[in-house]
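Structure below; questions to follow.
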Amino acid sequence: MTNNTKDYSKYFDFSNAKILSEDEESTRVRINGREIQIKSQPDYREGKRRGKESIAVHTDFSIPEDMENFGEGKRYHVQTYGCQMNEHDSETIKGLLEQMGYTGTEDRTQADIILLNTCAIRENAEDRVFGELGHLKVLKTERPGLMIGVCGCMSQEEGVVNRILQKHGFVDMIFGTHNVHRLPHLIREAVFGKEMVVEVWSKEGDIIENLPKKREGMRAWVNIMYGCDKFCTYCIVPYTRGKERSRRPEDVIAEVRELARQGFKEITLLGQNVNAYGKDFEDLDYRFGDLMEDMSKIDVPRVRFTTSHPRDFDDRLIQVLGGGGNLVEHIHLPVQSGSSAVLKKMSRKYTREHYLELAAKIRKVVPDAVLTTDIIVGFPGESDEQFEETLSLVREVGYDSAYTFIYSPREGTPAASMADDIPMEVKKRRLAALNALIKEQSRRGNEALTGRTVEVLVEGESKNNASVLAGRTRGNKLVHFEGGPELVGTFVQVKINDAKSWYVKGDLVETPVFAG
Ligand code: SAH
Ligand code: SF4
Ligand code: F3S
């Protein structure tokens, strides 16, 4: 499938570009001396469309025969930016490459193919990728056989593809979030055609169930849905990830059961908006609460989810989470702002009061709930008073931690046409004040744990000291304690005796509950 619209004016100006050939499948063009095959390109208008077409589910994916051993003796390096969704997509990309015979390397100078799986959420995320492309150009000059690909959310942006075509002609392929499974084909075309290959689908494709995934460690991500239909006015995700599509419950359940069988200790269900799960099923009345209930029956020690949206957080879900068991009591519930007026301009579709009520309801049914959030400061028109409302909401909800961001206008979103009128120094001051408050609350939440014995899933050695292990509680608190490497991947009981701002320290009190 291609969705070539043949409107190239957004991608290059014809002063330095020459169309070499055009047909149904692709257009060949020369820009600054570099030949480029454009199979399809991002188009925001198309990306924004929310059609009624139903999404087909495929289970017949396979690597083309002639590419099965293509990677033998070759190494790959995948660099990932952005959210867990992207991390998980990188696991698919690595799985595909390994099925083609490639092996992974952390050392970029050893790699035969380097892929940047990019994030478009804020301008600084994009700046990092363009900086990295500068480094890769040097590497490519030294090793002309090196293949370089750009994929992920930035590839879905019209302006980014344009910039790469114009300024980074050494890139070998650009593909998007909807056609990761096309990787073997794109590698073939880039290698044998010796041209840059651009294939970005603006519209989401079908769901492909049987893509390989290279998972590591004891925790596994599982996609339950793709895309986002919320269109918060500041956010690029609905354009880069397409419309909401839920995976069928039986497929999600089968995958989680299989991961449990393989010994994974923790599952995180992924979606931009997980509690919109199932809204798109026409034949089935089955929502996120139902899915979580089914998860609670699977023999896997911990199940998390991210990210939930306050608007879709229904009573049924709260009640299921209240059941505890393997459903842990950490809820990441992005609020973005404490001001109803700002929330309205953001099109978040809830008010401050509604959010506070929801948080109170959750606390009542899940008494140990650890609540965390995302907050944007400096949204267009945000007054000092409105920012104060965010601070007071943070205090009232009592978050244990938060990701905080300075508003960054994203081309093509509705907020980008609002005046970005808060001076940078004010934005920075607000961010610093917010971060100070959150740090104080995080320490207080950690202090509340001192003296308590908690269950910790041991993830590995701590960064600075190999005799100190690091792990997480059910509430996602980071715990450091002394112990041997044999405990990694097991559950232990730790008595907390010291609280820092971002982690707690404790002593091991028991031998492992589960073996390795
Ligand atoms: N789907 C999730 C979050 C996705 S993006 C949700 O709706 O909660 C992660 C966070 O990035 C958002 O919660 C928001 O706080 C932040 N973010 C998104 N767009 C942004 C922008 N244009 N500028 C600054 N922060 C942004
Ligand atoms: Fe972006 Fe809003 Fe969708 Fe989250 S819910 S991904 S913030 S549009
Ligand atoms: Fe970034 Fe795309 Fe995730 S924009 S935050 S990688 S969905």
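The values are calculated or read from the model by the stated rules, or taken from the named source; none is laboratory data. Quick caveat, the model's predicted, so the values are computed rather than measured. Methodologically, a virtual Cβ is constructed for each residue, glycine included, from the backbone with ideal geometry; neighbour enumeration extends over all protein chains shown. The protein model used for the area step is the full one, side chains on, heavy atoms only, and it has no ligands, DNA or RNA in it. Shrake-Rupley method; radii C 1.70, N 1.55, O 1.52, S 1.80 Å.
Please check which bits of region 262-287 a label hung off GLU293 would reach, taking the label as a point 7 Å along Cα-to-C-beta and the cut-off as backbone N under 17 Å.
Backbone N within reach: 275-279, 284-287.
Rounded, prolate or oblate: which one fits region 5-199, using the alpha carbon gyration tensor with axes a ≥ b ≥ c (rounded when a/c is under 1.5, else prolate when a/b beats b/c, else oblate)?
The shape class here is rounded.
Pairs of alpha-carbon atoms within less than 8 angstrom and 6+ residues apart define the contacts here; what relative contact order does region 453-508 have, in percent?
Relative contact order comes out at 35 percent.
While we're looking at this one, here's another question. When the Cα centres of region 258-327 and region 224-243 are compared, how far apart do they sit, in Å?
With region 258-327 and region 224-243 each reduced to a Cα centre, they are spaced 20 Å.
List, in the order given, every pair from LYS243/LYS505; LYS297/LYS500; LYS230/LYS361; LYS265/LYS364; LYS167/LYS344 whose Cα-Cα distance in the structure shown is over 32 Å.
Table pairs above 32 Å Cα-Cα are LYS243/LYS505; LYS297/LYS500; LYS167/LYS344.
Testing the spin-label approximation: label points 7 Å from Cα along Cα→Cβ at LEU139 and ALA466. State their distance in nm.
Going by the 7 Å Cα→Cβ label model, 2.7 nm.
In nm, give the distance between the simple-model label positions of ARG395 and TYR503, each being 7 Å from the Cα along the Cα-to-Cβ direction.
Distance between label points: 3.1 nm.
Relative contact order, percent, of the chain when contacts are C-alpha pairs under 8 Å separated by at least 6 residues?
10
Follow-up question, since we're still on this one. Over the Cα atoms of region 208-447, each weighted equally, I'd like the Debye log10 I(q)/I(0) at q = 0.16 Å⁻¹, rounded to two decimals.
Taking Cα atoms of region 208-447 as identical point scatterers yields -1.21.
Of the beta bridges DSSP finds with both residues in region 208-447, what % are antiparallel, to the nearest 5?
Close to 10 percent.
Under the rule of -39500 (n - 2.57) per DSSP H run of 4 or more residues, summed and divided by the residues of the chain, what mean residue ellipticity at 222 nm is obtained, to the nearest 500 deg cm²/dmol?
-9500 deg cm²/dmol
Something else now. Taking the Cα centroid of region 363-384 and of region 27-83, what is the distance between the two, rounded to the nearest whole Å?
Using only Cα atoms, the two centres lie 36 Å from each other.
For the chain, which cysteines have no disulfide-compatible partner, meaning no other cysteine Cβ under 4.7 Å?
So, CYS83, CYS119, CYS151, CYS153, CYS228.
Taking every pair of alpha-carbon atoms in region 453-508, what share in percent sits in each 10 Å bin, from 0 to the bin with the longest distance?
The calculated distribution, bin by bin, is 28, 64, 8.
Rolling a 1.4 angstrom probe over the protein heavy atoms, how many square angstrom per residue are accessible across the chain?
Using a 1.4 Å probe on heavy atoms only, each residue of the chain averages 43 Å².
Translational D (Stokes-Einstein, µm²/s) of the chain at 4 °C and 1.567 mPa s when Rh comes from the Kirkwood sum over C-alpha pairs?
After rounding, the answer is 53 µm²/s.
Keeping every protein chain in place, order MET424, MET292 by accessible area at 1.4 Å, biggest value first, i.e. largest first.
Ranked list, largest accessible area first: MET424, MET292.
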